[in-house]
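Contents: one structure, followed by commentary.
Coordinate-derived values only; no laboratory data. Keep in mind that this is a model prediction, so the values were computed, not measured. Because the Cβ atoms are built from the backbone with ideal geometry, glycine has one as well, and the counts that use them run over all protein chains shown.
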Amino acid sequence: MLVAQAGRVVVALALVSHYELHYARLLGVGRSFVFPCDAAGNVELDSLSERARENYLFARSAVGVEMSLPTVRAAPRHFSN
């Protein structure tokens, strides 16, 4: 990625390889849920396992009752040596 900055070009590495949709518990007790998504927060249901799909549908239906509104998080790229 190239970034123009004050008349000069700076090369920046794209450190994001994917995104995650995060649902947190409203009361902070219990587990939160994280699902792979795109930058807009769209989850590809066909790519999830049956259990993950059930968890996703639960989290989505429990927003405002048990779960917070989801947030999209950039997941850092993992580099291997």
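Quick one: if you stick a label point 7 Å off each Cα along the C-beta vector at residue 39 and residue 73, how many nm between them? Those two pseudo-labels are separated by 2.0 nm. Put a plus charge on the Cβ of each Lys and Arg, a minus charge on the Cβ of each Asp and Glu, and nothing anywhere else: the dipole of the range 16-76 about its Cα centre is then about 240 debye.
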